[in-house]
Amino acid sequence: KKRIVGFDSTNQNYSGKGIPMAMRGHPKLNVGLPDINTAMFVDEETGIPLWYEHFDGSVLDKTQTPYSMKKIIDLGYKKIFAMFDRGYYSEEDIAALDQLKNIEYGVLCPDGTDWVDELFRKHGSRIKDKQDCYIPEENVYGKRYSVTLFEKQYFAYLFYDSDRAEEERKTIHEIMAFFWEEASKRVRYTEKMQEHYAKRGIIVTKADKDLETGKNFTLYENTEMIQELLDGTGLFVILSPVRLAPS
């Protein structure tokens with residue numbers, strides 16, 4: 001029987017002296033002090049920490065992770081399935097994790113990655129609110145797909161969460177309204193302005209100067225881009241080399 005563990009790391013600002021691992025790094029809260037990093041994995045069912053380590057504040061958690069996993073194996077842990085958040089998704093990390101014995105894993109994948117967005121477009125509508133994809137214990141919908149990534153075969157677990165979708169849709173509309181208002185306050189068209197707002201779903205086209213407002217551009221919503229963002233709400237992907245039931 002596997003034990004499912006959640007793995008994560010964080011850093012702390014350190015104001016003392018004489019600790020060699022306290023170094024300048026990448027703090028979540030930058031107050032001008034050196035950092036100490038802490039990695040930990042926690043039993044998913046009970047929330048009890050099973051293992052932790054401190055490491056140099058200058059080391060990125062991604063860089064340290066494969067070494068942390070190796071230490072866990074050396075301590076005698078077996079049959080562990082480790083879950084990682086988006087911060088651990090990289091070709092290098094996944095390749096390192098693939099080399100480890102006795103630990104299986106899943107990694108939450110970042111939105112905006114080409115293959116993830118393609119999975120959303122291709123299969124998102126096939127799992128949304130579909131009874132045969134429903135996972136009652138999690139109140140989500142999910143399905144497993146085979147993907148070739150980094151020249152290897154993996155399994156992509158695509159999920160849809162309706163509560164998450166509602167929150168994300170609201171956020172998209174709020175952000176859109178914010179940037180529309182911001183763009184509307186501009187007066188003069190520039191190519192830099194056009195590029196800036198194009199990434200935010202707003203099309204800026206140069207126009208004759210309006211004598212009343214003084215503006216020399218027109219704004220349009222990029223409805224196709226916004227719709228694509230809305231279609232992807234509530235969807236997320238977990239990548240794993242292990243073939244499992246989505247539940």
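Assorted remarks:
- Within the range 194-220, considering residues that are touching a residue at least 24 places away in the same chain (Cβ under 8 Å) and over 27 Å from the mean Cα position of the chain (by Cα), the one nearest to GLY112 (Cα to Cα): LEU219
- Output for the range 1-30, where each listed residue is part of a loop (DSSP other than H, G, I, E, B) and open to solvent by less than 80 Å² (accessible area, probe 1.4 Å): TYR14, GLY16, GLY18, ILE19, MET21, ALA22, GLY25, PRO27
- Taking the range 52-157 and the strands (runs of 3 or more DSSP E) fully enclosed by it, the elements with 3 or more residues that are at pLDDT below 90, touching a strand residue (DSSP E or B) at 6+ places or on another chain (Cβ under 8 Å) and surrounded by 17 or more Cβ atoms within 10 Å (Cβ to Cβ) are at 80-84.
- Residues that are β-branched (Val, Ile, Thr) and surrounded by 11 or more Cβ atoms within 10 Å (Cβ to Cβ) were ranked within the range 203-222; the one that is nearest to THR171 (Cα to Cα) is ILE203.
- Residues of the range 38-51 satisfying the condition of being more than 13 Å from PHE81 (Cα to Cα) and open to solvent by 80 Å² or more (accessible area, probe 1.4 Å): THR46, ILE48
- Annotation note: of ARG186, ARG164, the sole residue that is open to solvent by 70 Å² or more (accessible area, probe 1.4 Å) and not acidic (Asp, Glu) is ARG186.
- Among residues of the range 68-81 that are of a type in the set (Lys, Arg), those with a Cβ under 6 angstrom from a residue that is open to solvent by 20 Å² or more (accessible area, probe 1.4 Å), sequence gap 6+ or separate chain, pair up as LYS78/ASN102; LYS79/LYS2.
- Only one of the listed residues (GLU167, GLU181) is more than 22 Å from ASP85 (Cβ to Cβ) and assigned to a helix (DSSP H, G or I). That residue is GLU181.
- Qualifying positions in the range 7-44 - at pLDDT below 85 and of a type in the set (D, E, K, R): LYS17, LYS28, GLU44
Per-residue answers, yes or no, for (1) over 17 Å from VAL242 (Cβ atoms); (2) touching a residue at least 40 places away in the same chain (Cβ under 8 Å):
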residue	(1), (2)
GLY6	no, yes
SER15	yes, no
ALA22	yes, no
LEU50	yes, yes
PHE55	yes, no
SER58	yes, no
PRO66	yes, no
ARG86	yes, no
GLU91	yes, yes
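The values are calculated or read from the model by the stated rules, or taken from the named source; none is laboratory data. All of these numbers come straight from a predicted model, not from anything done at the bench. Neighbour counts run over all protein chains shown; Cβ positions are idealised from the backbone, glycine included. Calculation scope for accessible area: heavy atoms of the full protein, side chains included, ligands and nucleic acids excluded. Shrake-Rupley method; radii C 1.70, N 1.55, O 1.52, S 1.80 Å.
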